[in-house]
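Undergrad: Below you will find the structure I want to go over with you.
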Amino acid sequence: MLSMKNVSKVYQTEKVQTHALRDFNLDVSEGEFIAVTGPSGSGKTTFLNIAGMLESFTGGTYCLDGIDIATLSDNARADLRNQKIGFIFQGFNLIPDLNLFENIEVPLRYRGIKSAERKRRIQDCLERVGLASRSKHLPQQLSGGQQQRVAIARALAGKPRFLLADEPTGNLDSLMARQVMELLEQINAEGSTIIMVTHDQELARRTPRNIQVVDGQLADFTLYQNNNMDAVANKSVSSITSAEAASDVSPSSASEA
Amino acid sequence: MFIHYVDLAWRSFKRTPLVSIVMVSAIAVGIGITMTSLSVYHMMSMDPIPSKSDKLFAVQLNTMDDGNQWWTDDNLPQQITYKDAIALYQADIGQAGMKIRKVPSTRTGFSVHMDRSTTKPFLESTRLTGRDFFDMFELEFEYGGAWSTQQEKSAAPVVVISHSLNQKLFGGANSIGKVINLDETKFQIVGVTKHWDIHTKYYDLTNGAFNNTENLFIPVSLLTTMELPTWGNTNGWKFEEVNTHQDKLNSELLWLQFWAELDSHEQVQQFENYLQAYLQEQGSLGRFDRRAQQFAVRDVNTWLDYNRVVSQDNRILVGLSFMFLIVCLANILGLLLGKFLKRAPEIGVRRALGANKTQVFMQHLVEVSMLGLFGGIAGIGIAQLGLWGVRQSYDYYSALATMDISMLVAAPFIAVFSCILAGMYPAWLVCKTAPAIYLKTQ
């Protein structure tokens, strides 16, 4: 359902060409739960942004449910994103002026769902994340874990086929991180496909499939199984260090990616 | 979605109340100033009698000897002599049943006093004209009507008074048959006109285009019998001994206006043919020495343009006020840029959640439209204040310094349109922002 073939992303400035992704190949099947790990600046977020059609790519082919993304206009990509993809961010990205109900309502409004249906879906999602009684609260009245659960509820409300999570537990303590992870696992068990970028090796081990992004490319993850994640991480660090020395990736642009 | 955008705009105003108030105030001041000058310009330039402005024609005759110059573009005086006015007035022009209506008119004045001690005498300007004047210029009656043909022929002392004078003298009651004293002559009231709502005194531009209309109307025949003086302009082009009233009537002095109602192109043609023949006849009688006859008939709007009722200064003033509005909008544009770009992270989230560029653009356009609407409404208040100031400062503009319904409706539209223009660039800038940049940094 998600297929990337030789996808590349180059950030071009006057003097520097930064390859955030190079010949990136990935196929994701329906119902998978994939953890994407890799060192900082390796291109994980760039991959996630391209997967979510928040960024364009420079080369290669990206198909989502058989639709060639490169052929779509910006507005068509936004509509497709709205229908098929849910986002969960490290910083939650809730809109501070809107209460929980209204925050979850945002993607549903853009989809043109009728008011009664919106209300029903929002109530369902809030109950699912255990915050039904706080629908009128503003985000700043909640803890970090609760805010992330709201963000998950918002992502789920549109019933997306894909959930893209960028460091969903990055701003949470370990207890809350576990709770969020359990929620994601539950969502995956119900059929949603999840791609999660994380630095947390423990969380990554809990997912059925792990991929490593190193220097903008997929590492040969068949060599590394869940039990060897630390070794993978060490290897990745050494590999990117040596790659940086040889490549034209500047430290600042790498951190952007 | 529109209601949702309105809701978002309202939340945005509440989030930054000070900036919002500054922007609304800037629009309000810009619109207020613009609408003040535009309203005056609009009233000056509007068609004073739209239902028949193309049927009423001012008549000009060139009765000067060759070699004499007038200050108009085509060397034609705006007024005509008494003898021409009366000759044209009495001429039977047009076919039976379709006679051309026409009237001479000029301005005189009296001291008005009543046979009672409670009303102090006062001076009032008076229009001397024919009985068809009222019908031709759509001056309706509250009581009574115009004097009869017989009364006009016999120079009977009859008068039509205005609504406001009737209010002043008789408290608005039906005053038909009552008598008022104009100087030392008793005049019987035969008609009371309704309020005459014209802003430009187009039928007589020689005494100030924006002066008030007269409150007294009497038959033109009284001009000779009462030897009435003119309160208007008298122009001449050659030296003449004018010692008596009769001398003036016989002279080549130009001091009457003349209007004809020509309902069709055929009537215009007939009337022009008559004027041509009349001037030829007068020339052959040795009244003036001209090789070619020259005359003109101009409809109301052409007449206003010809007399430059709306001066270049007025147009420049309107232009300057629009320039001021542009300066206000430039400031608003800057404030909007700052406000919208500060919101880019939120827009990044909305884009990630499925908002397309068009939706983001529309959201911001609705916000600037609301700013414009609020500014426009406040601007109407400022414009009213400005117009009040004009009325207080210049009595001459008192009838013009008002906002009619079209200007009231136009003000918010101009404000909204201006704000949309100013807000397009900031809205476009924020909607084309790459959302991914802000999602990680929020």
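What follows draws every value from the coordinates through simple rules; no lab data is involved. Being a predicted model, the structure only gives us computed values, none of them experimental. Ideal geometry is used to build each Cβ from the backbone, glycine not excepted, and the neighbour counts take in all protein chains shown.
Undergrad: Report the local net charge at A:Arg81: Lys and Arg +1, Asp and Glu -1, summed over other residues whose C-beta lies under 13 Å from its C-beta. Let's see the in-between values first.
TA: Values: positive: A:Arg77, A:Lys84, A:Arg111, A:Arg161, B:Arg350, B:Arg351, B:Lys357; negative: A:Glu55, A:Asp65, A:Asp74, A:Asp79.
Result for the neighbourhood of A:Arg81: +3.
Undergrad: With charges only on Cβ, +1 for K and R and -1 for D and E, what is the dipole size of the protein assembly as shown about its Cα centre, in debye, rounded to 20? All intermediate terms of the calculation are to be shown ahead of the outcome.
TA: Working: 64 positive and 70 negative charges, 493 e Å.
So the magnitude is around 2380 debye.
Undergrad: Sorting B:Tyr203, B:Tyr274 on the 10 Å Cβ count, fewest up front, what's the list? Numbers along the way, then the final one.
TA: Values: B:Tyr203 23, B:Tyr274 18.
Starting with the residue having the fewest Cβ neighbours, the order is B:Tyr274, B:Tyr203.
Undergrad: Of B:Thr234, B:Thr72, A:Thr169, how do they rank once you tally other Cβ atoms within 10 Å and put the fewest first?
TA: Numbers: B:Thr234 16, B:Thr72 13, A:Thr169 26.
With the sparsest Cβ surroundings first, the list reads B:Thr72, B:Thr234, A:Thr169.
Undergrad: Mind scanning B:Lys102/B:Lys248; A:Lys5/A:Lys159; B:Lys55/B:Lys83; A:Lys44/A:Lys159; B:Lys83/B:Lys186; B:Lys102/B:Lys201 and naming the pairs with a C-alpha gap bigger than 20 Å?
TA: Details: B:Lys102/B:Lys248 22 Å; A:Lys5/A:Lys159 27 Å; B:Lys55/B:Lys83 25 Å; A:Lys44/A:Lys159 24 Å; B:Lys83/B:Lys186 28 Å; B:Lys102/B:Lys201 18 Å.
Checking Cα-Cα distances, B:Lys102/B:Lys248; A:Lys5/A:Lys159; B:Lys55/B:Lys83; A:Lys44/A:Lys159; B:Lys83/B:Lys186 exceed 20 Å.
Undergrad: Through the Karplus equation 6.51 cos²θ - 1.76 cosθ + 1.60, θ set to phi - 60°, convert the phi angles of the range B:183-199 into ³J(HN,Hα) values in whole Hz; use x for Gly and Pro.
TA: So the Karplus estimates, Gly and Pro as x, are 6, 9, 9, 8, 10, 9, 7, 10, x, 10, 7, 6, 4, 9, 9, 10, 9 Hz.
Undergrad: By DSSP, what percent of the beta bridges with both residues in the range A:2-256 are antiparallel, rounded to the nearest 5? Can you show the working numbers first?
TA: On the way: 17 of 34 bridges.
Just about 50 percent of them are antiparallel.
Undergrad: Further, regarding this structure: Let me have the relative contact order for the range A:2-256, percent, based on Cα pairs under 8 Å that are six or more residues apart.
TA: Values: 439 pairs, mean separation 77.4, N = 255.
This gives 30 percent for the range A:2-256.
Undergrad: Over the range B:60-193, what portion of Cα pair distances is larger than 21 Å, expressed as a whole percent?
TA: Working: 4657 of 8911 pairs.
Cα-Cα pairs of the range B:60-193 separated by over 21 Å account for 52 percent.
Undergrad: Return the inverse of the average 1/r over all pairs of distinct C-alpha atoms in the range A:1-157, which is the Kirkwood hydrodynamic radius, in Å to one decimal.
TA: Working: mean 1/r = 0.0577 Å⁻¹.
Computed over Cα pairs of the range A:1-157, the Kirkwood hydrodynamic radius comes out at 17.3 Å.
Undergrad: Could you tell me how many degrees, from 0 to 90 and to the nearest 10, lie between the Cα long axis of helix B:405-431 and the main elongation axis, the longest principal axis, of the Cα atoms of chain B?
TA: Result, in degrees: 30.
Undergrad: In the P(r) worked out for the protein assembly as shown, what percent of Cα pairs fall beyond 46 Å?
TA: Working: 120542 of 243951 pairs.
Cα-Cα pairs of the protein assembly as shown separated by over 46 Å account for 49 percent.
Undergrad: Would you mind ranking B:Arg350, A:Arg154 by Cβ crowding within 10 Å, fewest neighbours first? Write down the numbers at each step before the final one.
TA: On the way: B:Arg350 25, A:Arg154 29.
By the 10 Å Cβ count, ascending: B:Arg350, A:Arg154.
Undergrad: In whole Å, what is the distance between the alpha-carbon centres of the range B:10-41 and the range B:174-218?
TA: Going from one Cα centre to the other spans 43 Å.
Undergrad: Can you tell me the Rg and Dmax of the range B:234-288, counting just the alpha carbons, in angstroms?
TA: Over the range B:234-288's Cα set, Rg and Dmax evaluate to 14.7, 43 Å.
Undergrad: Relative to the present Cα-Cα distance, how much length would full extension add between B:Asp305 and B:Val6 at 0.36 nm per residue of separation? All intermediate terms of the calculation are to be shown ahead of the outcome.
TA: On the way: separation 299, 0.36 × 299 = 107.64 nm, distance 4.54 nm.
Extra length from B:Asp305 to B:Val6 when fully extended: 103.1 nm.
Undergrad: A further question follows. Quick one: if the Förster radius is 22 Å, what FRET efficiency do A:Ser143 and A:Glu202 give, using the C-beta to C-beta distance and rounding to 0.05?
TA: On the way: r = 21 Å, r/R0 = 0.97.
It comes to 0.55.
Undergrad: Using only alpha carbon pairs under 8 Å that are at least six residues apart, calculate the relative contact order of the range B:63-293 and give it in whole percent.
TA: Details: 392 pairs, mean separation 67.0, N = 231.
Value for the range B:63-293: 29 percent.
Undergrad: Would any residue of the range B:115-133 have its amide N under 19 Å from a label point 7 Å out along Cα→Cβ of B:Ala173? List them or say none.
TA: Hits in the range B:115-133 for B:Ala173 at 19 Å: B:115-120.
Undergrad: How many angstrom separate the Cα center of the range B:275-330 from the Cα center of the range A:186-204?
TA: 83 Å
Undergrad: Dipole size in debye (nearest 20) for the range A:62-214 around its Cα centre, Lys and Arg Cβ +1, Asp and Glu Cβ -1? Numbers along the way, then the final one.
TA: Details: 21 positive and 18 negative charges, 104 e Å.
Using Cβ point charges on Lys, Arg, Asp and Glu, the range A:62-214 gives about 500 debye.
Undergrad: What does the charge add up to near B:Gly67, with Lys and Arg as +1, Asp and Glu as -1, over the other residues with Cβ less than 10 Å from its Cβ?
TA: Values: positive: B:Arg290; negative: B:Asp65, B:Asp66, B:Asp289.
Value of the local net charge: -2.
Undergrad: Which one, A:Ile187, A:Phe89, A:Val10, projects farthest toward the positive side of the charge dipole computed for chain A from Cβ point charges (K/R +1, D/E -1)?
TA: So the residue furthest toward the plus end is A:Ile187.
Undergrad: Can you tell me what the convex hull of the Cα atoms of the range B:63-293 projects to on average, as an area in nm²? Intermediate results must be reported in sequence, preceding the final value.
TA: Values: hull surface 56.1 nm².
Mean orientational projected area (the range B:63-293, Cα hull): 14.0 nm².
Undergrad: Within 10 Å of each Cβ in B:353-366, how many Cβ atoms from other chains are there, averaged over the peptide? Before the final figure, lay out each step's value.
TA: Numbers: counts 20, 19, 9, 10, 4, 3, 6, 2, 0, 0, 0, 0, 0, 0.
Across B:353-366, the average partner-chain Cβ count within 10 Å equals 5.
Undergrad: Any chance you could give the angle, 0 to 90 degrees and rounded to 10, that helix A:229-246 forms with the longest Cα principal axis of chain A?
TA: Tilt of helix A:229-246: around 60 degrees.
Undergrad: Stretched out fully, how many nm does the piece from B:Lys432 to B:Thr358 gain, at 0.36 nm a residue minus the Cα gap?
TA: Length difference between fully extended and current span is 25.7 nm.
Undergrad: Which whole number gives the average, over all residues in A:85-97, of C-beta atoms from other chains lying within 10 Å of the residue C-beta?
TA: Details: counts 3, 3, 6, 0, 6, 3, 7, 2, 11, 3, 9, 3, 6.
Across the residues of A:85-97, the mean count of other-chain Cβ atoms within 10 Å is 5.
Undergrad: For the charge dipole of chain B, defined by +1 on Lys and Arg C-beta atoms and -1 on Asp and Glu C-beta atoms about the Cα centroid, which residue among B:Ile93, B:Asn314, B:Ala58 has the Cα displaced farthest towards the positive pole?
TA: B:Asn314
Undergrad: To the nearest Å, what is the center-to-center distance of the range A:1-74 and the range A:107-163, using C-alpha atoms only?
TA: 28 Å
Undergrad: Mean-square fluctuation check for chain B, GNM, Cα pairs under 10 Å: which of B:Gly191, B:Gly334, B:Gly67 is largest?
TA: Sorting by GNM fluctuation, first place goes to B:Gly67.
Undergrad: Between the helical axis of B:312-342 and the dominant principal axis of chain B, each derived from Cα atoms, what acute angle in degrees is found, rounded to the nearest 10?
TA: Once rounded, one gets 10 degrees.
Undergrad: How would you classify the range B:241-391 from its alpha-carbon gyration tensor, with a ≥ b ≥ c the square roots of the eigenvalues: rounded for a/c under 1.5, else prolate if a/b is greater than b/c, otherwise oblate?
TA: Since a/c reaches 1.5 and a/b is larger than b/c, the shape of the range B:241-391 is classed as prolate.
Undergrad: To continue, here is another question. Can you give the charge dipole size of chain A about its Cα centre, rounded to the nearest 20 debye, using +1 on the beta carbon of Lys and Arg and -1 on the beta carbon of Asp and Glu? Walk me through the numbers on the way to the answer.
TA: Working: 27 positive and 30 negative charges, 188 e Å.
Using Cβ point charges on Lys, Arg, Asp and Glu, chain A gives about 900 debye.
Undergrad: Okay, moving on. Under the definition of partner shielding as Cβ atoms of other protein chains within 10 Å of a residue Cβ, what is the mean value for peptide A:19-29? Before the final figure, lay out the partial values.
TA: Values: counts 0, 0, 0, 0, 0, 0, 0, 0, 0, 0, 0.
Shielding by partners across A:19-29 averages 0.
Undergrad: Specify which residue in the list B:Ala434, B:His364, B:Met407 is farthest towards the positive end of the charge dipole of the range B:347-442, using unit charges on the beta carbon of Lys, Arg (+1) and Asp, Glu (-1), about the Cα centre.
TA: Final value for the positive-end residue is B:Ala434.
Undergrad: Relative contact order (percent) for chain B, with alpha-carbon contacts under 8 angstrom and 6 or more residues of separation?
TA: About 29 percent, as a whole number.
Undergrad: Which of the peptides A:191-198, B:181-188 is most tightly packed, and how do the rest follow, going by the mean number of other Cβ atoms within 10 Å of each residue? Write down the numbers at each step before the final one.
TA: On the way: A:191-198: 21.8, B:181-188: 15.0.
Descending packing order for the listed peptides: A:191-198, B:181-188.
Undergrad: What share of the DSSP beta bridges in the protein assembly as shown is antiparallel, in percent to the nearest 5?
TA: Numbers: 51 of 76 bridges.
Bridges in the protein assembly as shown are about 65 percent antiparallel.
Undergrad: Can you show me the helix-derived [θ] at 222 nm for chain A, built from DSSP H runs with n ≥ 4 at -39,500 (n - 2.57) apiece and divided by the number of residues, rounded to the nearest 500. Don't skip to the end; give the middle numbers.
TA: Working: 9 runs with 105 residues, N = 257.
Calculated mean residue ellipticity at 222 nm is -12500 deg cm²/dmol.
Undergrad: Okay, next question. If you wrap a convex hull around the alpha carbons of chain B, what volume per residue comes out, as a whole number of Å³?
TA: So the per-residue Cα hull volume is 204 Å³.
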